[in-house]
Amino acid sequence: KRVFLESYRFGLKLNETPDARFDVFLGYRFEGFPYDRIPASLAGMADRGPGVDLGLGYQQRKPWGTLFGEVLHDAAGGSNGTEIRAGYRYDWAAGNLKLQPHLMLAARDHKLNNYYYGVSASEATPTRPAYQPGSGLNAELGLSAVYRISERWRVLGALSARRLSSGIRSSP
């Protein structure tokens, strides 16, 4: 009733009503460098592994959709960075099909972006200059779908597009 496990998060529901929910959680951050078959462009760079974030989340459900927000901070100590997310999603159902479009904005601080997308002076080469992207704002638009085949079986799918901040897009 109070504990949840999602695909990449584990947390506690601190307060939940039919219209609102407030959580604290640990979440896996799917960013970092590949572990196998490291491309030549990353040769000589320090490893940047995936992270673990400590987060607070809140969502408010209304008849016209759900507003949500999260604050995440690196709990593993890799970047010591922070990200603040805010968004909107709408639940739509027709028969056995449920669709959920969403829009999200994510403000990331300079520590988070510099860790994952920056190049320190010691990692710079003639073809990879030193670089610090600084803070930035990412935007995401997505659609999730669930189709109920039977009482116990569902088919799930999702598609999203993300626009990264100019500092991240310009990273060498």
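The values are calculated or read from the model by the stated rules, or taken from the named source; none is laboratory data. No experiment lies behind these values; they were computed from the predicted model shown. All Cβ positions, glycine included, derive from the backbone under ideal geometry; neighbour counts span all protein chains shown. SASA here: full protein model, heavy atoms, side chains in, ligands and nucleic acids out. Shrake-Rupley method; radii C 1.70, N 1.55, O 1.52, S 1.80 Å.
Laid out as a table, the results:
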| quantity | calculated |
| --- | --- |
| Label point distance in nm, Asp91-Glu140, each placed 7 Å from Cα along Cα→Cβ | 2.0 nm |
| Expected-Rg normalisation [2.2 N^0.38 Å, Cα atoms] applied to the chain | 1.21 |
| Karplus (6.51, -1.76, 1.60) ³J(HN,Hα), θ = phi - 60°, over the range 54-70, in Hz, Gly and Pro reported as x | 9, x, 10, x, 9, 9, 10, 8, 10, x, 8, x, 10, 9, 9, x, 9 |
| For the range 86-162 versus the range 1-62, the gap between their alpha-carbon centres in whole angstrom | 12 Å |
| Exposure of His102 as accessible area (Å², to 10), given a probe of 1.4 Å and all protein chains | 40 Å² |
| All lysines inside 25 Å of Lys62 as judged from Cα atoms, apart from same-chain residues fewer than 8 positions distant | Lys1, Lys13, Lys98 |
| FRET efficiency, Leu56 to Lys98 (Cβ-Cβ, R0 35 Å, nearest 0.05) | 0.80 |
| Probe 1.4 Å, protein heavy atoms only - accessible area per residue of the chain in square angstrom | 64 Å² |
| Helix-only CD estimate at 222 nm, as mean residue ellipticity for the chain, using -39500 (n - 2.57) per DSSP H run (n ≥ 4) | -1500 deg cm²/dmol |
| Label point distance in nm, Asp36-Leu105, each placed 7 Å from Cα along Cα→Cβ | 4.1 nm |
| The range 35-82: trypsin sites (Lys or Arg not before Pro) in DSSP coil with no more than 16 other Cβ atoms inside 10 Å | Arg37, Arg48 |
| Distance in nm between pseudo-label sites at Ala43 and Arg163 (7 Å out along the Cβ direction from Cα) | 3.7 nm |
| Loop-located chymotrypsin sites (Phe, Trp or Tyr not before Pro) in the range 58-112, at most 15 other Cβ atoms within 10 Å (DSSP) | Trp64, Tyr90 |
| Neighbour-limited loop hits for GluC sites (Glu not before Pro), the range 110-169 (at most 14 other Cβ within 10 Å; DSSP other than H, G, I, E, B) | Glu151 |
